[in-house]
Every structure is written in C-alpha cells, then in structure tokens.
Amino acid sequence: MRADFYPLQILLLTISGWVNRHQQDMIAYLVEENRVLKEQLKGRKLRLSDEQQRRLAAKAKRVGRPGLMKAIAELIVRMAQENSSWGYCRIQGELKGLGHRVAVSTIAKVLKENGIQPAPDRPTSWRTFLQAHWGEVVGADFFTTEVWTPQGLTTYYLLFFIDLKTRRVHFAGATPNPDEPFMAQVARNLTDAVDGFLADQRFLICDRDAKFTARFRRMLEDAGVQVIRTPRQAPNCNAYAERFVLSIKSECLRRMIFFGESSLRRAVLAYLHHYHTERAHQGIGNKVIHHRDQAVEGEICCRERLGGLLKHYYRAA
C-alpha cells in the first residue's frame, strides 16, 4: 500500500469513530427519554393503536436479539417438559425470576409450535416420574441364551429384576418354558414379606411381553406393587434393565457354551457375584454395589471367576 493512502485511512477511522459515538449518544438519549415517559405514566399501561404496534414490531424485527429469543423459547419448552403441572402463568413467573419478561401469549405460542399441550392435558415426563420415585422402582426383563440339552440346542429364557437406584439385580429363574405357573411362583417369591425382592418397592417397570401374564401382574398389584407397562418398541423406558442385559451377555454369556441348565445357572450366579461385589458401575460413580473396605497398600492380586473370564484386581491385606 502506498504511503499517501495513510492520511485518508486516518480520516475515515476518525469519522467512523465520531459517527459511532454520536449513535451511542443518541441511543442513550432515547433510552432516557423512554424512561422519563414511563415515569410520567405512573404505572398506567401505555395503550398503542394497531398501526403503532405494527410500526414498532417492524423496527424491533431489525434490532431484535434472535439468539436471546431462541434461548428463551428453549427455556420455555424445557420448563413445560420438566414440569407437567406448570401452566402459562407459572412459566411466566419463573421466567420473570430469571430476568425475562415474556407475555403469556408468547409462551402459549412457543408451546403450541413445539407440540406441547396446555398443563391440564400434559403428561408427566418419564424422567420426572423416575426422579420422583427414585428408590422405589424396579425394572424387569427377559433375555435368552442357547443351552445344549439331551433334546438338542434349547432356548432358555432368563428373568431378572433390577433396582434402578442401587443397580442391585435379582435373578428370578431360567426356563425353556416361562408359562403362567412359572410366573406365578416368581410373583410369590418377589412379594414374600421376609426376603422378597419387591417387598419394599412400589413400582415395577416391564414391557408388554405376554410372558408378564395378567395373573402375574395382578399378584404383584395385590401385594402393593404397581406394574407399569412400557409402550411398544420403547427400550429407553426400561433402559437400566436393557443395559444389564448388554453387560451380562457381552461380558459372560456370549463367551461361553452351556451344557445343561445347571451350567447356565452356575455361570449366571458367578457373574452376579462379580457384578455385585467386584465390578465398578459407572452409573453410581464407579462404585461397587456391595462395597467392602480394601487395603490401600500391599501386593496387587487378581481374582478370577469362570476360568478367568471375569477378573477383579485388589490389594492383598
């Protein structure tokens, strides 16, 4: 660039700075003027004609803050989804506490655009339900594995129950024929007043598999356990049970061949002992379900189960 252009650049920057300061001064004056006019009204609502509202809206569209409006709309949706009983005015009040003044009509419009019904017709979210009853909810599910028997390769159905809060798992049984008598006995065992796995629980989540028979559900509900059946093809509604199935299959069952029901049961019980007393679980902060104090010094040893398929490292006392 030639040196004779420098004075022109300096002049342009000077003019630009003056214009910017002038604009800031004008904005500050208009803001103050608007504040004075509002004080003159003394709390009375300013009534605008349709034409005046249209003109203001046209100007506001150019100087509006789309990023902020998008954030407020997302906040409105979040509040509605996480609080099924909150109506428009309740959401408006919560927004005001966060420094956002939003009209009720705007809140209604945002919710309608996002397919969210008004408060009386809005269902409680699944997440809110689980949080409200955390410690009282158990999930249940079946999974299958193949077993060699005298009749050939046979499919076995394994039934388990998992406490969502503690991740503790109860193995209810394995059978090639999970019929109604089998399920009725499971229900009796689960609701036993002394050591039943559901003795202190209020809700059981299971899918709509026909193996969870009407008699099974009725026996649980008679014992005070409400059965909640998930929508069809909605594994996320029973995600904790689904995650356990993935763990036991990938860490144990898919790596073994079973000859007879007894070998299957030994493997499952060995895995559950490892699962409860040795394996750390990310969902509970990488802790062991049945934690025992261990030495912090000493030789590092390895405990093996199922021929080394499952390993646990610890320090010798």
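Suppose we keep only residues that are under 31 Å from the mean Cα position of the chain (by Cα) and over 23 Å from Q233 (Cα atoms) within the stretch 141-166. Which one would you say is surrounded by the most Cβ atoms within 10 Å (Cβ to Cβ)? It would help to see each step written out before you state the result.
First, pick out the residues of the stretch 141-166 that are under 31 Å from the mean Cα position of the chain (by Cα): 141-145, 157-166.
Applying the additional criterion that residues be over 23 Å from Q233 (Cα atoms) yields 165-166.
Numbers: K165: 16, T166: 13.
Here the residue is K165.
When you go through V147, V138 one by one, which is the residue that is under 28 Å from N83 (Cβ atoms) and in a strand (DSSP E or B)?
Numbers: V147 fails: under 28 Å from N83 (Cβ atoms).
The conditions single out V138.
Looking at (1) of a type in the set (V, I, T); (2) at pLDDT below 70; (3) surrounded by 10 or more Cβ atoms within 10 Å (Cβ to Cβ), which one does I76 not meet, given that it meets all the others?
(2)
Can you tell me which of E82, E113, E136 is at negative phi, modelled with pLDDT of 80 or more, assigned by TED's automatic domain parsing to the domain that holds P231 and surrounded by fewer than 17 Cβ atoms within 10 Å (Cβ to Cβ)?
So the residue among E82, E113, E136 that is at negative phi, modelled with pLDDT of 80 or more, assigned by TED's automatic domain parsing to the domain that holds P231 and surrounded by fewer than 17 Cβ atoms within 10 Å (Cβ to Cβ) is E136.
Which of (1) modelled with pLDDT under 95; (2) farther than 30 Å from L204 by Cα does G283 not meet, given it meets every other one?
(2)
Within the stretch 175-197, is even one residue free of Cβ contacts under 8 Å to residues at least 12 places away in the same chain, under 31 Å from the mean Cα position of the chain (by Cα) and loosely packed, with under 13 Cβ neighbours inside 10 Å?
Scanning the stretch 175-197, I find at least one residue that is free of Cβ contacts under 8 Å to residues at least 12 places away in the same chain, under 31 Å from the mean Cα position of the chain (by Cα) and loosely packed, with under 13 Cβ neighbours inside 10 Å, so the answer is yes.
I'm told T155 meets every condition in (1) in a strand (DSSP E or B); (2) touching a helix residue (DSSP H, G or I) at 6+ places or on another chain (Cβ under 8 Å); (3) among the β-branched types (V, I, T) except one. Can you identify the failing condition by its number?
(2)
So F182 clears everything in (1) under 17 Å from E242 (Cα atoms); (2) in a helix (DSSP H, G or I) except one condition, right? Which one?
(1)
Select from the stretch 227-262 the residues that are surrounded by 14 or more Cβ atoms within 10 Å (Cβ to Cβ) and among the polar types (S, T, N, Q) and list them in ascending order.
T230, N238, S247
Go through the stretch 269-302 and count every residue that is surrounded by fewer than 16 Cβ atoms within 10 Å (Cβ to Cβ) and more than 23 Å from T144 (Cβ to Cβ).
21
Give D179, D200, D207, D141 a once-over and let me know the one that is of a type in the set (D, E), under 22 Å from H274 (Cβ atoms) and assigned by TED's automatic domain parsing to the domain that holds Q282.
Just a single option satisfies the conditions, and that option is D141.
Would you say R266 is over 29 Å from the mean Cα position of the chain (by Cα), under 24 Å from P150 (Cβ atoms) and not hydrophobic (A, V, I, L, M, F, W, C)?
yes
Check R62, R35 and return the single one that is closer than 22 Å to H100 by Cα and modelled with pLDDT under 70.
On the way: R35 fails: modelled with pLDDT under 70.
Just a single option satisfies the conditions, and that option is R62.
Can you report the number of residues in the stretch 85-110 which are loosely packed, with under 13 Cβ neighbours inside 10 Å and hydroxyl-bearing (S, T, Y)? So that I can check it myself, show each step before the final result.
Pass one, the stretch 85-110, residues loosely packed, with under 13 Cβ neighbours inside 10 Å: 85, 89, 93, 96-99, 101, 103-105.
Of the ones still in play, those that are also hydroxyl-bearing (S, T, Y) are 85, 105.
Qualifying residue count for the region: 2.
The values are calculated or read from the model by the stated rules, or taken from the named source; none is laboratory data. Owing to the predicted nature of the structure, the values given are computational and were not obtained by experimental measurement. Cβ: placed from backbone, ideal geometry, glycine included. Neighbour counts: every protein chain shown.
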